[in-house]
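The values are calculated or read from the model by the stated rules, or taken from the named source; none is laboratory data. Not measured: the values here are computed from a predicted model. Cβ coordinates were reconstructed from backbone atoms using ideal geometry, including for glycine residues, and neighbour counts include every protein chain displayed.
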Amino acid sequence: MFCSIKFVVTLLALIILTIISGTLIPQGALAQAYSARYGERFYRVLSFLRLTDVYHSWWFIGLVFFLWLSLLTCTLRQVKTWKKSLASLIAHLGLLIIIVGSLVTCIFGHTGFLVVYKGHSQDTFITAGNTLKPLGFRIYLDDFEIEWYDATRSHIKDYRSKAVILDGSGRPVFAKIIKVNHPLSFKGYTLCQASYDEKHGLWTGLQVSKDPGVQIVYAGFIFLNIGVIFIVSGKSKHK
C-alpha cells in the first residue's frame, strides 16, 4: 500500500490542498482578527479544523508522516539494488531528511503574534490557539516610523520598527530595524513586521515564528541536489 502510486498521489493532493488553505487563510493571527474577517461562526469552524494553525494540526502532521513512511518503504526496496541506483538512493534520502525537518517544525515549531508599544517591551506572544508562550527574551520598541510618498500622507511608502533585544536584567543585547522583508532573528525565533497603529504609530504588530527543523531541511536539499546531479550526469553519459 505504501508504495502504491494512488496512495502517494492521494497524500500529495491532500498536502497540496492543505498548503493552499494555509496560504489563503492567515496563520497565527489573533482570534479577534479572524472573527472580524470571517465572522464568529465561521471562525469557530476554522478553529475546530485547526485551519488557523494548519501546519501544526495533528491531521497535517499525520499526512506528512505517512508520506515519509511511503517514501521510506520505497527507499528500502531500492537498497537491494543500491549499486545500480546510488544516485536515486541519495535523492530519496534527501527527500526523507527534508520531510523529517518539516515534521520537526510541525511538532516543535511555533507561530503567533505580538503587539509591543513604543517605549515598552514584550516577552510573550499569542499563538494561533490563543495561548500565551514565552519568547525566552524581551523585545523593546525604541521607536516606530512611517515613511510617506508625499507630504499629503495619503500613501505609505514604508514602515519600520526600531527594536532592541534585552537580556534578563534589562540590558540591551543588540538593536535591529524591523521592516517588511527584513525580519529580526534571535534564539531560533523570527519576528516579521505584520501590522501597526495606523492612526498614531504608537505600537507595532509582529508575526512570530520558530522553525527548529530548517537546518535539517537544508541538509536534505543538499542530498537531494547531489542525487539529482548524479542522475542527470549519469543519463548524459549514456547518451
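The set of residues in segment 44-58 being loosely packed, with under 12 Cβ neighbours inside 10 Å and within 17 Å of the chain's Cα centre (by Cα) consists of Trp58 alone. Yes or no: Arg41 surrounded by 14 or more Cβ atoms within 10 Å (Cβ to Cβ) and either assigned by TED's automatic domain parsing to the domain that holds Thr131 or basic (Lys, Arg) (or both)? It is false that Arg41 is surrounded by 14 or more Cβ atoms within 10 Å (Cβ to Cβ) and either assigned by TED's automatic domain parsing to the domain that holds Thr131 or basic (Lys, Arg) (or both). All conditions but one from (1) surrounded by fewer than 20 Cβ atoms within 10 Å (Cβ to Cβ); (2) out of contact with any Ser or Thr (no Cβ under 6 Å at 6 or more places or on another chain); (3) closer than 20 Å to Gly213 by Cα apply to Thr105; the one that does not is (1).
Of the strands (runs of 3 or more DSSP E) lying entirely inside segment 63-170, those carrying at least 3 residues that are without any contact (Cβ under 8 Å) to a residue 60 or more places away in the chain are 121-127, 132-148, 156-166.
The residue pairs whose first member lies in segment 3-22 and is farther than 15 Å from His56 by Cα, whose second member is loosely packed, with under 15 Cβ neighbours inside 10 Å and among the aliphatic types (A, V, I, L, M), and whose beta carbons are closer than 6 Å, counting only pairs six or more residues apart or on different chains, are Phe7/Met1.
Can you find a residue in segment 144-154 that is aromatic (Phe, Trp, Tyr), farther than 15 Å from Lys199 by Cα and not assigned by TED's automatic domain parsing to the domain that holds Leu46? Lay out the reasoning, then the answer.
If we filter segment 144-154 for residues that are aromatic (Phe, Trp, Tyr), which is where we start, we get 144, 148-149.
Within this subset, residues satisfying the condition of being farther than 15 Å from Lys199 by Cα are 149.
If we keep only those that are not assigned by TED's automatic domain parsing to the domain that holds Leu46 as well, we get 149.
Scanning segment 144-154 turns up at least one residue that is aromatic (Phe, Trp, Tyr), farther than 15 Å from Lys199 by Cα and not assigned by TED's automatic domain parsing to the domain that holds Leu46.
A search for C-beta distances below 8 Å between a residue of segment 198-214 that is more than 21 Å from Ala33 (Cα to Cα) and any residue that is assigned to a strand (DSSP E or B) and at pLDDT 90 or above, counting only pairs 6+ apart in sequence or on different chains, returns Lys210/Tyr189; Lys210/Thr190; Asp211/Thr190.
Every condition in (1) closer than 30 Å to Trp58 by Cβ; (2) within 22 Å of the chain's Cα centre (by Cα); (3) aliphatic (A, V, I, L, M) holds for Ile139 except the one numbered (1).
Number of residues in segment 59-84 that are at pLDDT below 90 and not hydroxyl-bearing (Ser, Thr, Tyr): the value is 11. How many residues does segment 20-37 contain that are surrounded by 13 or more Cβ atoms within 10 Å (Cβ to Cβ) and either of a type in the set (Val, Ile, Thr) or over 22 Å from Leu114 (Cβ atoms) (or both)? The qualifying residues number 2. Ile156 meets all of the listed conditions (1) at pLDDT 90 or above; (2) farther than 15 Å from Val116 by Cβ; (3) of a type in the set (Val, Ile, Thr); (4) out of contact with any Ser or Thr (no Cβ under 8 Å at 6 or more places or on another chain) but one, namely (1). State whether one or more residues within segment 209-232 are at pLDDT 85 or above and in a strand (DSSP E or B). Yes, some residue in segment 209-232 is at pLDDT 85 or above and in a strand (DSSP E or B).
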